[in-house]
Amino acid sequence: MKQPAQAQRGKPAAKTKRKSREELNQEARDRKRDKKHSGHKAGSRANPEAQAAQKGQGKKSQDPRVGSKKPIALVADGKTQPEKKPAVKAKPKAEKVRLSPQEELAKLENDERLDTLLDRLENGETLSGEDQAWLDQTLDRIDELMETLGIALDDEAEDEQAEEDMMRLLKGN
C-alpha cells in the first residue's frame with residue numbers, strides 16, 4: 001500500500017484572522033437569541049386546541065386524525081349490516097318455589113283452567129291443540145303426584161269391586 005502524500009513543509013497555510021473573545025461571545029448571544037424565538041409557544045404540545053383556534057379563527061376544531069372519515073363496508077356485498085341494539089338485560093326470573101307434593105296436588109285440583117277444560121270436555125266440545133296438550137300434561141302430573149303420595153283413584157276401586165262381583169257370579173253359577 002502506498003502512503004498518502006504529505007503536504008509541503010515549507011510555508012504555513014494562509015493565516016485566518018482569529019476572533020477575540022468578545023466577538024465570539026457576541027456571536028453566540030446572537031445565535032441563542034435567534035434560536036430562542038423559533039418554534040412553538042410553551043405548552044403547545046399539551047394544548048393543541050389553542051393553536052388551532054389561533055390559526056383558523058372561526059373554523060371548527062377539526063378531527064386530528066388523518067385520512068378519510070367515510071365509513072367502509074366490511075361485508076363483501078357492499079351492504080353494511082344494521083347496527084345491533086344492545087341486548088336488553090333479561091330480568092332475573094324469580095326462582096320457582098318448590099312445593100311439596102301435597103301442596104302441588106291441592107293447587108292443581110283447585111286450578112280454574114283445569115276445571116273449565118274438563119267441563120268443556122264433558123259437554124262434548126273439542127279443545128284446541130294447545131289446550132288439549134296442557135290438559136294432558138296437567139292430568140299426567142296429577143297422576144304422578146297421587147302415585148307418590150300413595151293415593152288410589154276411585155276408578156281403580158270400582159274396577160276391583162267389579163272384578164270381585166264377576167268372580168262371585170261365575171262361582172255361583
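Things to note:
- Under the Karplus curve 6.51 cos²θ - 1.76 cosθ + 1.60, θ = phi - 60°, whole-Hz ³J(HN,Hα) for region 20-36, x wherever Gly or Pro sits: 6, 5, 5, 5, 4, 5, 5, 5, 5, 5, 5, 4, 5, 4, 5, 5, 5
- Between Ala46 and Asp140, the simple label model (points 7 Å from Cα in the Cβ direction) yields a spacing of 7.5 nm.
Read-outs: derived from the displayed coordinates by stated rules, not from any lab. Treat the numbers as computed from the prediction; the structure is a model and nothing was measured. Neighbour counts are summed over all protein chains in view; Cβ atoms, including those assigned to glycine, are modelled from backbone coordinates with ideal geometry.
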